[in-house]
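Presented below is the structure to which this report refers.
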Amino acid sequence: MVAIGIVALTGFSGYAALLPVAPLWAVAGGADSAGAGLVNFVLLGMTVATQFAVPWSISRIGWAWVLSLGMVFLGVPSLLHGLTDALAPTLALSAVRGVGFGILTVAANAAAVLLVEPARRGAAVGAYSAALSIPNVIFMPLGGWAAQTLGYWPVFAVGAIPLLGIPACVVVARHLPTRATHDTRHPDVDEPPATLRTYLALLRPTFVLLAVTLAGGAVITFAPQLVALPWLSAAGLFAMGLVSAVTRWRIGEVTDRVGVDRLVAPFIVLTAVVFAVMAWLVREPVTTGQAAAWILTCAVVGLCYGALQNLTMLQAFAAAGPRRVGTASTVWNAGFDTGTASGALLVGAVAVGAGFGWGMALVAGISLLTLPLALIHARRRGGPTTG
């Protein structure tokens, strides 16, 4: 488990460091906010496109090659970013990084499940999630600050950290079935094919997830441009990341008491409210006098972001059924990355003509549109719990 923790830690470090910085790099090269939003849209669009091909790739060339290539595709483009800040090469390198991140999200998650017997799977996934949360809490908020105060090259160097995780990929591969995503020790991982009914059942939690990750993706992508000083960007993203991580860790106890479905609608409403507040706050770049309001707003965004991630994941697993965990996980991850990418693209495009305030107001409205889905889901479930 130490090796898979190293894979997660190094791989997600490269992803987290550049998520707010690559768009900022494009702006430094003359791109507008629409071009900046396109950077992460391309990154995460390629992530989603890659995720569905990862099991096939493992069956062809094996775990060691697939995991290692994921690290190469994440790390090498980070160093190449420093050669030019022109938009076209930045988009091309973001696409390659997206391939690497798509490999990492699917292959490393599956490896974490397969490395232990089924009885210890929950603990394994929890440890893996903790390892990948560390870069999101540390490097994501510090990336924009470091780029604007120390220069971009230190951030690009951090973005290359996945290359250091390649030996751990080889170690992990030694303990996995050579060219498969399942083995005889984990028969329940070899799930039956998903049906149209399965995918239709996954639509409700996926649309809710899309809305909240669209909102979160907008903040992560544009935080350095929403504030007047680099440290404000770092403080806001740190508050968002920390609260999100703690919420994802602790909300399970709350769902056990009151049920998943009862919690989704209140968090959707809170998401809409907090982004309405953010829309007002970022009409102009946030200044030092608004620091407390900015940090508090980002913290509440993190609360909603973390809560709805876990709640929709639980709903997805319940909707797909106990024998289609892989399908639920793939669709959930695709929804997460699609939402994050869409937030970057949509808010960036709106900000070009109307400003970031209107972009965040649109996000608030989109979040509120998913409320009927949550209410219908809870009513059809016939009770407070999801099982």
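Could you check, for the stretch 329-346, whether at least one of its residues is at pLDDT 95 or above and farther than 13 Å from Thr213 by Cα? Among the residues of the stretch 329-346, not one is at pLDDT 95 or above and farther than 13 Å from Thr213 by Cα, which makes the answer no. Taking the stretch 81-105 as the range and being more than 18 Å from Thr47 (Cα to Cα) and either in a loop (DSSP other than H, G, I, E, B) or among the aromatic types (Phe, Trp, Tyr) (or both) as the test, the residues that pass are Gly82, Leu83, Thr84, Asp85, Ala86. For the stretch 282-298, a residue qualifies if it is part of a helix (DSSP H, G or I) and in contact with a helix residue (DSSP H, G or I) (Cβ under 7 Å, 6 or more places away or on another chain), and the qualifying residues are Gln290, Ala291, Ala293, Trp294, Ile295, Thr297, Cys298. Cβ-Cβ contacts under 7 Å between residues 6 or more apart (or on different chains), taken from a first residue in the stretch 153-166 that is of a type in the set (Gly, Ala, Ser) to a second residue that is modelled with pLDDT of 95 or more and surrounded by fewer than 17 Cβ atoms within 10 Å (Cβ to Cβ), are listed as Ala160/Leu79.
Condition first: in contact (Cβ under 8 Å) with a residue 24 or more places away in the chain, touching an Asp or Glu at 6+ places or on another chain (Cβ under 8 Å), under 20 Å from Trp249 (Cα atoms) and in a helix (DSSP H, G or I). Can you find one or more residues in the stretch 299-318 that meet it? Checked against the condition, which is being in contact (Cβ under 8 Å) with a residue 24 or more places away in the chain, touching an Asp or Glu at 6+ places or on another chain (Cβ under 8 Å), under 20 Å from Trp249 (Cα atoms) and in a helix (DSSP H, G or I), the stretch 299-318 yields at least one hit.
Cβ-Cβ distances below 8 Å connect the following pairs, each with a first residue in the stretch 255-283 that is under 16 Å from Leu375 (Cβ atoms), a second residue that is open to solvent by 60 Å² or more (accessible area, probe 1.4 Å) and not in a helix (DSSP H, G or I), and a separation of six or more residues or different chains: Gly259/Thr385; Val260/Thr385; Asp261/Thr385. Every condition in (1) surrounded by fewer than 24 Cβ atoms within 10 Å (Cβ to Cβ); (2) touching a Phe, Trp or Tyr at 6+ places or on another chain (Cβ under 8 Å); (3) hydrophobic (A, V, I, L, M, F, W, C) is met by Ala86 except one, and the failing one is (2).
Does the stretch 18-34 hold any residues that are in a helix (DSSP H, G or I), within 28 Å of Thr206 (Cβ to Cβ) and open to solvent by less than 10 Å² (accessible area, probe 1.4 Å), and which are they?
The answer is Leu18, Ala22, Pro23.
Being open to solvent by 50 Å² or more (accessible area, probe 1.4 Å), modelled with pLDDT of 90 or more, touching a helix residue (DSSP H, G or I) at 6+ places or on another chain (Cβ under 7 Å) and in a helix (DSSP H, G or I) is the requirement here; does Met71 meet it? Here the answer is no, as Met71 does not meet what is asked. You will find that of Thr287, Thr330, the residue that is touching a Phe, Trp or Tyr at 6+ places or on another chain (Cβ under 8 Å) and open to solvent by 20 Å² or more (accessible area, probe 1.4 Å) is Thr330 and no other. So for the stretch 95-117 (the condition being open to solvent by 10 Å² or more (accessible area, probe 1.4 Å), among the charged types (D, E, K, R), under 22 Å from Ile4 (Cβ atoms) and modelled with pLDDT under 95), does at least one residue qualify? Looking through the stretch 95-117, at least one residue is open to solvent by 10 Å² or more (accessible area, probe 1.4 Å), among the charged types (D, E, K, R), under 22 Å from Ile4 (Cβ atoms) and modelled with pLDDT under 95.
Of the helices (runs of 4 or more DSSP H) that lie entirely inside the stretch 193-269, those containing 3 or more residues that are buried (at least 23 other Cβ atoms within 10 Å of the Cβ) and either touching a helix residue (DSSP H, G or I) at 6+ places or on another chain (Cβ under 7 Å) or of a type outside the set (D, E, K, R) (or both) span 203-226, 230-258.
I'd like the residue in the stretch 312-323 that is surrounded by fewer than 23 Cβ atoms within 10 Å (Cβ to Cβ) and at pLDDT below 80 and, out of all such residues, is nearest to Leu263 (Cα to Cα). Of everything passing the filter in the stretch 312-323, Phe317 is nearest to Leu263 (Cα to Cα).
The values are calculated or read from the model by the stated rules, or taken from the named source; none is laboratory data. These numbers were taken from a predicted model, which means no experiment stands behind them. Virtual Cβ from ideal backbone geometry, glycine too; neighbours counted across all protein chains shown. What goes into the accessible areas is simple: the full protein's heavy atoms, side chains included, and nothing from ligands, DNA or RNA. Shrake-Rupley method; radii C 1.70, N 1.55, O 1.52, S 1.80 Å.
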